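Below: one structure, written as structure tokens.
The values are calculated or read from the model by the stated rules, or taken from the named source; none is laboratory data. From a predicted model like this one, the values you see are computed outputs, not experimental measurements. Note: ideal-geometry Cβ built from the backbone for every residue, glycine included; neighbour counts use all protein chains shown. Ligands, DNA and RNA are excluded from the accessible area calculation, which covers all protein heavy atoms including side chains. Shrake-Rupley method; radii C 1.70, N 1.55, O 1.52, S 1.80 Å.
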Amino acid sequence: MSSEVVRPPVDHDAPPIIEVEGLSLRFHKSRRHRSIRDLLFKGQTGVRAGEFWALDDVSFSVQPGEAIGVVGANGQGKSTLLKALTGTLLPDQGSVKVHGGISPLIEITGGFVGELTVRENIQVVSGLHGMSRREIDAAFDEIVEFAEIASSLDSPYKHLSSGMKVRVAFAVVSRLEEPIMLVDEVLAVGDRAFREKCWDRIEEMLAEGRTFFLVSHSERDLTRFCTRGLYMQAGRVTMDGPIEEVVEAYLKDSDDNLALRRHEVRQRRQARREAREAAIREQAAADAERDREADES
């Protein structure tokens, strides 16, 4: 976590901004959604042949300002969970209550139209996310500058590389004033310099008290931004706790011994750094007290 950015403390007595209770979501192996016939005649419970639970009895709540890291192997329901939070996917069982708007960065193509120019896409997608014409005009230059896309503004969006599409999407989504931001693994396709630029922007948003969800396989990114972790296995949340403990459990289960050793080394370094900082603060306080006593005498 960056030492240059101070995040406001999480108020655990405040009403939750996200409430998930018994969330279950069913997919069919040969098609993404069930048919209308299934909905009308096959009922809402149980799993029929060819179906599986993408999410299975998931429950948790999130306080305003929390930063949540969602970890797990591929195919365990992480991205599906984020889509359920946005309302893109509706529960088969249980409920999802989100008390605030969401800035989603889940799929780089979401809302963007390949045949339109980059300029037109910025305007259309910003509008789809609720920005007024005046707000779009005010933010347009900042979006273009952040994405470093000025030379391609009048090119068709479909001609952009995956990395450039991520730049445009993040630049738009990060300018929204919604209290919740969801980020999937999509930033992994960007170059390192731009990722750092994105991470700095995320730090700014966290300092503003935004609620943040990050799906990632990067232990460094998860522990940099998140304080709490959800570990997902087979559509269930099997662990909910401090992000360092959740990441360590995931690495142990994945038999990634090298990554686990790196994680442990980083944790020891972090503990030593925090101990040094605490000692410096204590020494500064002691020096200030001595100076005060000397002045009084």
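Observations on the model:
- Note on region 182-237: with neighbouring protein chains present and a 1.4 Å probe, carbon and sulfur make up 47 percent of its accessible heavy-atom surface.
- The accessible-area ordering, largest first, of the residues His129, His99 stands as His99, His129, per a 1.4 angstrom probe.
- Shape category assigned to region 66-125 from the gyration tensor of Cα positions, a/c cut at 1.5: prolate
- Largest-first ordering by accessible area, 1.4 Å probe, given options Met232, Met164: Met164, Met232
- Cβ-derived FRET efficiency at R0 25 Å, Leu116 paired with Asp191, nearest 0.05: 0.55
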